[in-house]
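Sharing a structure with you now.
The values are calculated or read from the model by the stated rules, or taken from the named source; none is laboratory data. The structure presented is a predicted model; accordingly, all values stated were derived computationally and were not measured. All Cβ positions, even for glycine, are placed from backbone atoms using ideal geometry, and neighbour counts span all protein chains on display.
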């Protein structure tokens, strides 16, 4: 059986441009991992507030890692290129946007990892 990752920093994910990103580059930072969607009813407020949060705290070590997903109501149907254009042009977001994810798997990993860490 393959080695189980011990933390988020043991993972390598794809960014929205298709490049591998080793999450160990974020060690020592506070991570806010978020699911984003461009056609969600809360898109405008979510991106605006994420941008404000990032601008306020990025120099103190905050990193927002945005993972788009199209599993809920077809709210992120675009390609990665379209998503990046939307996020960077409309909202001028500076935080990294990653490849679309399967949130059921994604949340399962973090849920499992969280409870392993706190030994519940």
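Return the only residue of 61, 73, 18 being in contact (Cβ under 8 Å) with a residue 60 or more places away in the chain and loosely packed, with under 13 Cβ neighbours inside 10 Å.
18
Consider residue 67 against the criteria (1) touching a strand residue (DSSP E or B) at 6+ places or on another chain (Cβ under 6 Å); (2) farther than 10 Å from residue 98 by Cα: it satisfies all of them except one. Which criterion is unmet?
(2) is the only condition that residue 67 fails.
Sticking with this structure for a sec: Check whether at least one residue in the stretch 34-51 is in contact with a strand residue (DSSP E or B) (Cβ under 8 Å, 6 or more places away or on another chain), closer than 15 Å to residue 101 by Cα and modelled with pLDDT of 90 or more, and report yes or no.
No, there is no match, as no residue in the stretch 34-51 is in contact with a strand residue (DSSP E or B) (Cβ under 8 Å, 6 or more places away or on another chain), closer than 15 Å to residue 101 by Cα and modelled with pLDDT of 90 or more.
Of the residues 54, 26, only one is surrounded by 15 or more Cβ atoms within 10 Å (Cβ to Cβ), in contact (Cβ under 8 Å) with a residue 40 or more places away in the chain and under 14 Å from the mean Cα position of the chain (by Cα); which?
None of the other options fit; the residue is 54.
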